[in-house]
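Below is one structure, written out as structure tokens; comments come after it.
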Amino acid sequence: MLLFCPTCANVLHVEECATVDQGSYRFACNTCPYIYHINRRVSTRTYPKLKQVDDVMGGADAWKNVDSTKERCPKCSHDRAYFMQIQTRSADEPMTIFYRCCNSLCNHQWRE
């Protein structure tokens, strides 16, 4: 945690205070005589905001106009699945095939 001097706006550093009680600390400025005694524990927690992850597959709309093929679902053993091919790696490697079970109760997704 960084605190800044209210008079000169430099960063305050923590130092042990020898004049008051042993073991007490204070914030002090290196350039001006500003001193702030610490009476209690000072702490704050700031949690970073997680950035929104874009759906690479295009979300639910990506599966609207896809074809189905004879492929067995590993979850429910349904014999048909929708499929789409997407280039996920470099151009010299084969495309990745994504499948989605045609069974509306299952809708399991996997890739090959």
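General remarks:
- Boolean, GLN22 is at pLDDT below 90 and in the same structural domain as CYS5 (by TED's automatic domain parsing): yes
- Of residues in segment 58-112 being in a loop (DSSP other than H, G, I, E, B) and at positive phi, the one surrounded by the most Cβ atoms within 10 Å (Cβ to Cβ): ASN107
The values are calculated or read from the model by the stated rules, or taken from the named source; none is laboratory data. As the structure is a prediction and not an experimental result, all values here were calculated from the model. Quick reminder, even Gly has a Cβ in these numbers, built from the backbone with ideal geometry, and neighbours come from all protein chains shown.
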